[in-house]
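Take a look at the structure below.
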């Protein structure tokens with residue numbers, strides 16, 4: 001019976017490895033990078049025209065496009081994060097079923113804990129880079145649903161997100177994206193977030209991919225080592241027959 005159980009966990013571990021090694025983010029990001037580069041080039045050509053009205057119109061339009069492409073890119077990154085998280089959750093449940101113990105670093109059924117197992121945004125931050133990428137993707141998908149309210153700031157009225165009317169997961173997302181310099185009255189939120197996450201040129205999303213890769217590789221190594229330890233412990237506890 002132990003051999004059948006090992007196979008189930010081994011299969012789950014292999015699925016996790018497939019998810020870690022997936023190149024889907026790379027392929028889809030390349031398409032977004034090309035589109036962003038084209039938008040940047042159109043802005044540069046408009047600037048070369050010397051026509052202020054035309055420059056303003058093109059810049060506004062292309063910056064909106066860049067925001068959209070960056071939003072899509074963050075959602076692509078989120079699909080990678082979600083797939084790994086789901087596979088980690090399945091693996092942890094498999095370990096519980098087969099070896100009597102969940103993975104030690106997973107404390108929730110859906111394994112949201114793994115998003116925290118990455119470098120922090122900054123030395124004084126409380127959120128990880130992976131949590132930030134995930135939150136930016138959620139912002140892009142759901143920001144139109146978030147309630148806002150006008151508040152006084154000095155001599156001005158500014159629009160802010162009304163967290164008093166939000167669900168806990170929405171409040172958490174707002175807290176994270178605000179730490180990235182995003183706000184309810186900004187038209188450059190995705191560009192702000194990209195810069196805070198290490199992107200120097202919007203048409204080069206490789207800093208995001210590198211962060212995802214580092215997190216995924218470390219996560220797989222951690223899972224592999226713990227599964228191996230659980231297997232060995234199970235073997236040690238098996239009765240020996242002469």
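Where a number appears in this text, it was derived from the coordinates with a stated rule and is not lab data. None of the values given here were measured: they were computed from a predicted structure. A quick note on method: Cβ atoms are made from the backbone with ideal geometry, for glycine too, and the neighbour counts reach across all protein chains shown.
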- [ ] Give the residues of the range 100-114 that are buried (at least 21 other Cβ atoms within 10 Å of the Cβ) and not in a loop (DSSP other than H, G, I, E, B), sorted by residue number.
- [x] 114
Task: Those residues of the range 130-145 which are without any contact (Cβ under 8 Å) to a residue 12 or more places away in the chain and either within 20 Å of residue 119 (Cβ to Cβ) or within 9 Å of the chain's Cα centre (by Cα) (or both), in sequence order - done: none
- [ ] Look through the range 118-131, keep the residues that are surrounded by 14 or more Cβ atoms within 10 Å (Cβ to Cβ) and out of contact with any helix residue (DSSP H, G or I) (no Cβ under 6 Å at 6 or more places or on another chain), and return whichever of them is farthest from residue 174 (Cα to Cα).
- [x] 120
TODO: Considering each of 70, 120 in turn, give the residue that is under 30 Å from residue 187 (Cβ atoms) and touching a strand residue (DSSP E or B) at 6+ places or on another chain (Cβ under 7 Å).
DONE: 120
